[in-house]
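Engineer: Next up is a structure, given as structure tokens.
The values are calculated or read from the model by the stated rules, or taken from the named source; none is laboratory data. This structure is a prediction, so every number in the text was calculated from the model and none was measured. Every residue, glycine among them, receives a Cβ derived from its backbone with ideal geometry; neighbour counts consider all protein chains shown. These accessible areas exclude ligands, DNA and RNA; they are computed on the full protein's heavy atoms, side chains included. Shrake-Rupley method; radii C 1.70, N 1.55, O 1.52, S 1.80 Å.
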Amino acid sequence: MVAARLTARPTSGPLTGRVRAPGDKSMSHRSLILGAMATGVTEIEGLLEGDDILATARAATAFGADVTRLGDGRWRVIGQGGLKTPLQVIDCGNAGTGVRLLMGAAAGYDLRATFDGDQSLRKRPMKRVTAPLTDMGARFAWLADEDRLPLTLSGGGLKAIDHLQTVASAQIKSAILLAALNAEGETIVTEPEKSRDHTERMLRAFGAEVDVQPLAEGWRIRLKGGQALTGAPVAVPGDPSSAAFPLAAALIVPGASVTVEGVMLNPLRTGLFDTWREMGADLTVANVRESGGEQIGDVTARHSALTGVVVPESRAASMIDEYPILAATAAYAEGATVMRGVGEMRVKESDRISLMVNGLRTCGVAVEEEAEGFIVQGGRVKGGATVVTAHDHRIAMSHLVLGLAAEQAVSVLDPEMIATSFPGFVELMNGLGAEVG
Ligand code: S3P
């Protein structure tokens, strides 16, 4: 049983050590989904064994793949060269990436599938994915409310589309590209703002041709239908979005120095590191190497005197999941940190702008809320409060890190969702010298 509340106490001793971040969540979902669509064996190393990914593994099995856990983070998927009608409802739990990518993958096959999720996922918009998939020829029936799960998909008979992205979302792009593999004709996705490109890179590793043309702003991705995937080995690197939490703790706790090994350094994922450096963070990267088609490195953060910055709006897509932890570190910076153009935060696992604004205020930090952003005034962090997390893993972890350098302890409610992306978070932080429990 996980406690219904966790408390982070101001760290008394030094916070030091070397740790490994859990496997990247984005690549973990994709490795299972591509493995299920492909013909043959996909062996995965370093898979994130968080609840979101376990839900995708169960979905891959339900769609007809043979999925086996071989050991710690080591999984084997044997795909049948396509997905089949599942016998049960596909329950994606808390995972927006899982459900949206699976809907795209499944849409290309002649099958019927019902998708559902937990209370949080049932509140998130689905039309952003079902609308372009409907344009391609997929049929969707809403089983409760329009634009929300649960829904039933009838796939097959797709035609290519030419899609212009209006939000920088890798989930939308990926759903379209996965469907496009089994559509007639060439699908084009134009992104005025680049979003993470794991689907494009991994599709190539599974034998597909994906053409990417740079544009003056963003890029255009083309994929011809009728391409079969072949199983391939996948080495999943450490998740920069998870590495952010122990690194953030090191930046704000006096005397701290923490290294996270094997962190993925894809520039479409490292906007937070750029922002921290602009704030004056002592953040260094060593031992840069390649793994699984990505650059990885060992990232060290040391306690730093931070200064508030204006985060460029153009950087939002490369750190969209990291604004909550940026806000926690901004509370310790001198001056204001301005985060704008981040309306997408409101449709994540929770309304993350509202939750961070309320949580930081509860801990005595001055924050201004805007429709599509927020501004944190750094300075004293009193703590001594209990924060509502709306069952959102990143809201919980961000406030626990905040509590490590506050004047008094910070507690978070409903922390069980931390296991969706960062199983073992509490043990890892305590291993570095933190007091979370
Ligand atoms: C993800 C894309 C992002 C991110 C999510 C993972 C992915 O969502 O917030 O945690 O793996 O493609 P959007 O693409 O919808 O912004």
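Engineer: Kindly flag which residue pairs out of 123/159; 25/159; 173/348; 123/382; 84/194 have an alpha-carbon separation exceeding 27 Å in this structure.
Structural biologist: Long pairs (Cα-Cα over 27 Å): 123/159; 25/159; 123/382; 84/194.
Engineer: For a Förster distance of 56 Å, can you work out the FRET efficiency between the beta-carbons of residue 277 and residue 66, rounded to the nearest 0.05?
Structural biologist: 0.80
Engineer: Sticking with this structure for a sec: How far is helix 51-62 tilted, in degrees, relative to the longest principal axis of the Cα atoms in the chain, given as a value from 0 to 90 rounded to the nearest 10?
Structural biologist: Taking Cα atoms only, the helix is inclined about 10 degrees.
Engineer: Would you work out what percent of the accessible area of the chain, with all protein chains in place, is carbon or sulfur (probe 1.4 Å)? Could the numbers behind the result be given before it?
Structural biologist: Details: 7650 of 15690 Å².
Whole-percent figure for carbon plus sulfur exposure: 49.
Engineer: Follow-up. In deg cm²/dmol and to the nearest 500, what is the mean residue ellipticity at 222 nm of the chain if only DSSP H runs of at least 4 residues count, each as -39500 (n - 2.57), divided by the residue total?
Structural biologist: Values: 12 runs with 124 residues, N = 437.
Mean residue ellipticity, 222 nm, calculated: -8500 deg cm²/dmol.
Engineer: Viscosity 1.306 mPa s, temperature 10 °C: Stokes-Einstein D of the stretch 25-235 from its Kirkwood Cα radius, in µm² per second? Walk me through the intermediate numbers first.
Structural biologist: Working: Rh = 16.7 Å.
In µm²/s, the coefficient rounds to 95.
Engineer: Ok, one more. Please label the shape of the stretch 315-437 as rounded, prolate or oblate, based on the square roots a ≥ b ≥ c of the eigenvalues of the alpha-carbon gyration tensor (a/c under 1.5 means rounded; beyond that, a/b larger than b/c means prolate, else oblate).
Structural biologist: oblate
Engineer: Between helix 393-403 and the chain, what is the angle of the helix's C-alpha long axis to the longest principal axis, kept within 0 to 90° and rounded to the nearest 10?
Structural biologist: Once rounded, one gets 10 degrees.
Engineer: Continuing with the same structure: For the chain, find the longest principal axis of its Cα atoms and tell me its angle to the long axis of helix 170-180, 0 to 90°, nearest 10.
Structural biologist: For helix 170-180, the angle is close to 10 degrees.
Engineer: Can you list which of the trypsin sites (Lys or Arg not before Pro) found in the stretch 259-294 are DSSP loop residues with at most 13 other C-beta atoms within 10 Å?
Structural biologist: Answer by residue number: there is no such site.
Engineer: Across the Cα atoms of the stretch 253-370, what radius of gyration and what greatest pairwise Cα-Cα distance (Dmax) are found, in Å?
Structural biologist: When restricted to Cα atoms, the stretch 253-370 yields Rg and Dmax of 14.9, 44 Å.
Engineer: For residue 435, what is the net charge nearby, where nearby means another residue's Cβ is under 14 Å from its Cβ and Lys, Arg count +1, Asp, Glu -1?
Structural biologist: Residues close to residue 435 contribute a combined charge of 0.
Engineer: To the nearest 0.05, what FRET efficiency results for residue 209 and residue 16 with a Förster distance of 60 Å applied to their C-beta separation?
Structural biologist: 0.80
Engineer: Using a Förster distance of 22 angstrom, determine the FRET efficiency expected from the C-beta separation of residue 307 and residue 369, and round it to 0.05.
Structural biologist: 0.50
Engineer: Next question. Under 1.5 on a/c is rounded, so check that first for the stretch 1-62, then, if it is not, pick prolate when a/b is larger than b/c and oblate when it is not; a ≥ b ≥ c are the square roots of the alpha carbon gyration tensor eigenvalues.
Structural biologist: Here the stretch 1-62 falls in the oblate category.
Engineer: Given a 1.4 Å probe, how much area per residue of the chain is accessible, in Å²? Kindly include the intermediate steps, with their values, before the conclusion.
Structural biologist: Working: 15690 Å² over 437 residues.
It amounts to 36 Å² per residue over the chain.
Engineer: How long, wide and thick is the chain, going by the Cα atoms along their three principal axes, in whole angstroms, largest first?
Structural biologist: So the extents along the principal axes, rounded to whole Å, are 60, 47, 43.
Engineer: Distance between Cα centroids, the stretch 227-267 to the stretch 21-87: provide it in whole Å.
Structural biologist: About 20 Å separates the Cα centre of the stretch 227-267 from the one of the stretch 21-87.
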